[in-house]
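Only one structure is covered here, and it is reproduced in the block below.
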Amino acid sequence: MFVLTSGGTTIIELARMLPENLHATFITGSLPVAFEYMHHPNIEVIIIGDKLSKSSQITVGAEAIKSIQQINADLCFLGINAIDAHEGVTDNDWDVVQLKKAMIQSSKKVVALAISEKINAVQRIKICDTSDIDVLITELSPNDPTLQAYHQKSLTIL
């Protein structure tokens, strides 16, 4: 299985929770996330290279996007900064937005990870529509009223 992942604290936590017996190839431009994947004996790690964004701690730029576009990933895990049922997934960092757009286009299934503070939030630059996300993972119960609009958009919520 080929898995694309973005960066951020939520993705780091995901990496820490992966089962030891998981056999997969994880592709990321996040150095902190890649270090977490290295603790798993059966995970192959591929680093996407280019300019390192100091604020997001991931690689961004044309070469990173070009590399991602050459991948046909089974799954993409996106750590997101804002999601709104009507406005979609948004961010404030132009370079990160371009990278995440490429990741979504290169993946068969997209899983967004967001803590509750990032739900029903909107930032300035659109990454994708809510319909481009297959699964939303959050710490909220799937039955939480905050998530009702996402159920109506046919998102699977975990």
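Here are the numbers:
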| quantity | calculated |
| --- | --- |
| Per-residue Cβ neighbour rank within 10 angstrom, fewest leading, 76, 128 | 128, 76 |
| Taking the chain and dividing mean pair separation by its residue count, relative contact order in percent (alpha carbons under 8 Å, at least six apart) | 20 |
| Local electrostatic count, residue 88, Cβ distance below 9 Å [Lys/Arg +1, Asp/Glu -1] | -3 |
| Under DSSP loop assignment and at most 15 Cβ neighbours within 10 Å, longest GluC sites (Glu not before Pro)-free interval of the chain | 21-86 |
| Residues 106, 141 arranged by fewest to most Cβ contacts within 10 Å | 141, 106 |
| Proxy reagent accessibility, fewest Cβ within 10 Å first, across 147, 158, 140, 4 | 158, 140, 147, 4 |
| Cross-link pairs beyond the 23 Å C-alpha cut-off, checked among 66/153; 54/101; 54/108; 51/109 | 66/153; 54/108; 51/109 |
| C-alpha long axis of helix 94-105 to longest principal axis of the chain, angle in ° | 90 |
| Value of [θ]222 nm, deg cm²/dmol, for the chain, DSSP H segments ≥ 4, -39500 (n - 2.57) each, nearest 500 | -7000 deg cm²/dmol |
| Residue 124-residue 42 FRET efficiency (beta carbon distance; Förster radius 35 Å; 0.05 resolution) | 0.30 |
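Just so you know, all these numbers are worked out from the coordinates, no wet-lab data involved. Just so we're clear, the structure is a prediction, and the values are computed from it rather than from any experiment. Note that we place each Cβ from the backbone using ideal geometry, even for glycine, and neighbour counts take in every protein chain shown.
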